[in-house]
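For reference, the structure discussed in these notes is given below.
Bear in mind these aren't lab numbers, they're just calculated from the coordinates by the rules spelled out. All figures in this text were calculated on a predicted structure; none of them were measured in a lab. No Cβ is skipped: glycine too gets one built from the backbone with ideal geometry, and neighbour counts run over all protein chains shown.
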């Protein structure tokens, strides 16, 4: 391991501080899903993925990551900054005029680390498949990772992609679904149930792994296991349970913090629960 | 009037198929994707010679656009192939976010555009695609006029870095342009120099404009005819130069009058040199079943309609 579990947890704590401060700073954005996925992003960028902060769009020879549910941009931006893609001080520009840190991720402002725009939901799995196919054509053995919201799977394009990838043996692809059970209008079970996602993806021909996305030790092991499954003829689907708002008690487990920013008092309450480990931006 | 002749009629989609094959031979990064219309898009030659560079996605156009966008990351130059209707309206948001806004080097190749798809009827006859595509920032929009020009355009767009919409059709039409032409994106082609009226045509309407020009010549009207194969970026210099000479313009296209070439020309002229203009285009309508010729006549897209439009615009000069 490059880092101990404790070291990774300390990075995740700083990323969570960044998320609430960024969202507070512009009084908009999506803290809930971002906080829930802070552990996943930390494990991916600081432990599992082979990547270079010397960013190139093509990323030849590198593992790639695509964020399909682009609204959780705060966690990705913080991760990229803390991993060294750009200065952490730039996080203060999130969602402000002339920033590279747009509300939803884009290549338009040339932010290092971002390879496609996302925000309009349901498009990332197709893009990740395309990047994986290009790697195969280039005889590039690196892996393509992606993250998708669970509510996002209500978009039909995902199922076109889900049908395509196993049939075409896209086995250099690890898609993770952030299974937090919440969407804007309420629990997914009430809005439009996803029912048994494991059975659905298995029926389409994916190798499905079920994991806990808020245990650092488990995420690292899960992603490393997923990597070991690549090259065996099947795409891999990591069905990862998380708690929306994880790490800030009053934001946890509710769709109410999907797209709401904390006020000054709530910011203080949140930061009191999150240890500053790498220095605030 | 300069004399144009042809010895054969061919479909522009076959020009695309031949061009794709050539582009594939010239550049190993060219890849092709299709949504269950390989035969209609004439992609067989490419697939035969480069099977590993072809992706059949099935009837799933949204997924096709996303995969194409992803393949550019890794240096590929994807050509997507399906009907114009399913290449644009059906996947507008995928093109908008994953291709145009993300500035990906995807070539969206659209066959069976317009009324001349014929008997399948209005569900398949898109007349809004030029408008949809030209509104996207950074999108290049090309609508060549015959087999040779479509082939040349298909080869040329591989060398252009950025998103392109390439529109062509199903019917066989006269082959009258040079088989060895050099295709320059955004560069108008002067079909005939004249002094009385400028006819600006795109796609299948260029041949109709030539036939109209011959009839106008017999009536003593000297028409300048310009082939605008690239609707965006528009060759503004060529259009302004011509209109300064003739003082009136007719635009002709197989598209709704809203959102097409005619409106692009009108915007240019209104902001630089207000000029009387008539539109030969579909009058804000869906199409219907029929033979291509029947439909072009019924919806007013023939040489005779161009002649009438010229007569109208000359009176307004």
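Give the shape of region B:189-311 as rounded, prolate or oblate, defined through the alpha-carbon gyration tensor: a ≥ b ≥ c are the square roots of its eigenvalues, a/c under 1.5 means rounded, and otherwise the shape is prolate if a/b is larger than b/c and oblate if not.
Verdict is oblate for region B:189-311.
Need one word for region B:248-317: rounded, prolate or oblate. Basis is the Cα gyration tensor (sqrt eigenvalues a ≥ b ≥ c); a/c below 1.5 gives rounded, then a/b vs b/c decides. Each step should come with its number before you reach the end.
Values: a/c = 3.43, a/b = 1.64, b/c = 2.09.
Verdict is oblate for region B:248-317.
Hey, got the average number of other protein chain Cβ atoms within 10 angstrom for residues in A:131-144? Each step should come with its number before you reach the end.
On the way: counts 8, 5, 10, 11, 4, 2, 10, 4, 0, 1, 0, 0, 0, 3.
Neighbouring Cβ atoms belonging to other protein chains average 4 per residue here.
Contact order normalised by length for region B:202-317, with contacts defined as Cα pairs under 8 Å and 6 or more residues apart; what percent is it?
Rounded, it is 31 percent for region B:202-317.
Relative to the first principal axis of the alpha-carbon coordinates of chain B, what is the inclination of helix B:61-72, with its axis defined by its Cα atoms, in degrees from 0 to 90 and to the nearest 10?
Helix B:61-72 sits at roughly 80 degrees to that axis.
Contact order normalised by length for chain B, with contacts defined as Cα pairs under 8 Å and 6 or more residues apart; what percent is it?
19
Relative to the longest principal axis of chain B, what angle (0 to 90°, nearest 10) does the C-alpha long axis of helix B:236-246 take?
20
Take each of the peptides B:151-161, B:22-32, average the number of other beta-carbon atoms within 10 Å over its residues, and list them starting from the highest.
Ranked by mean Cβ neighbours within 10 Å, highest first: B:151-161, B:22-32.
Using the Cα atoms of region B:122-205, I'd like the radius of gyration and the largest Cα-Cα distance, Dmax, both in angstrom.
When restricted to the Cα atoms of region B:122-205, Rg and Dmax are 13.9, 41 Å.
Give me the distance in nm between label points sitting 7 Å out from Cα along the Cα-to-Cβ direction at residue A:4 and residue B:2, one decimal.
About 8.0 nm separates the two model spin labels.
Could you work out, residue by residue across A:118-128, how many beta carbons of other chains sit within 10 Å of that residue's beta carbon, and then give the average as an integer? Can you show the working numbers first?
On the way: counts 3, 2, 6, 2, 4, 11, 3, 4, 13, 15, 4.
Per residue, the average neighbour count from other chains is 6.
Show me the ranking of peptides B:49-62, A:62-75, A:30-43 by mean Cβ neighbours inside 10 Å, starting with the highest.
Packing order, densest peptide first, comes out as A:30-43, A:62-75, B:49-62.
Indicate the gyration tensor shape class of chain A (rounded, prolate or oblate), computed on the Cα atoms with a ≥ b ≥ c the square roots of the eigenvalues: a/c under 1.5 is rounded; otherwise a/b larger than b/c is prolate and the rest oblate.
Here chain A falls in the prolate category.
Quote the relative contact order of region B:9-174 in percent (integer), defining contacts as alpha-carbon pairs under 8 Å separated by 6+ residues.
32
Once the Cα atoms of helix B:303-316 and of chain B are each reduced to a long axis, what angle between those two axes, in degrees from 0 to 90 to the nearest 10, is obtained?
50
Quick one: order A:1, B:139 by neighbouring beta-carbon count within 10 Å, fewest to most.
By the 10 Å Cβ count, ascending: A:1, B:139.
If packing is taken as the average count of other Cβ atoms within 10 Å, what order do A:156-166, B:5-15 fall into, highest mean first?
A:156-166, B:5-15
Out of all DSSP beta bridges with both ends in the protein assembly as shown, state the antiparallel percent to the nearest 5.
So the antiparallel bridges in the protein assembly as shown amount to around 15 percent.
Using the 10 angstrom Cβ neighbour count as an exposure proxy, how do A:16, B:267 rank, fewest first? If you can, show how the numbers build up before the last one.
Details: A:16 28, B:267 11.
In increasing order of surrounding Cβ atoms, one gets B:267, A:16.
Considering every residue in B:56-65, what mean count of other chain Cβ atoms within 10 Å of its Cβ is obtained?
Values: counts 3, 7, 4, 1, 8, 2, 9, 16, 4, 5.
Other-chain Cβ atoms within 10 Å of each residue's Cβ, averaged: 6.
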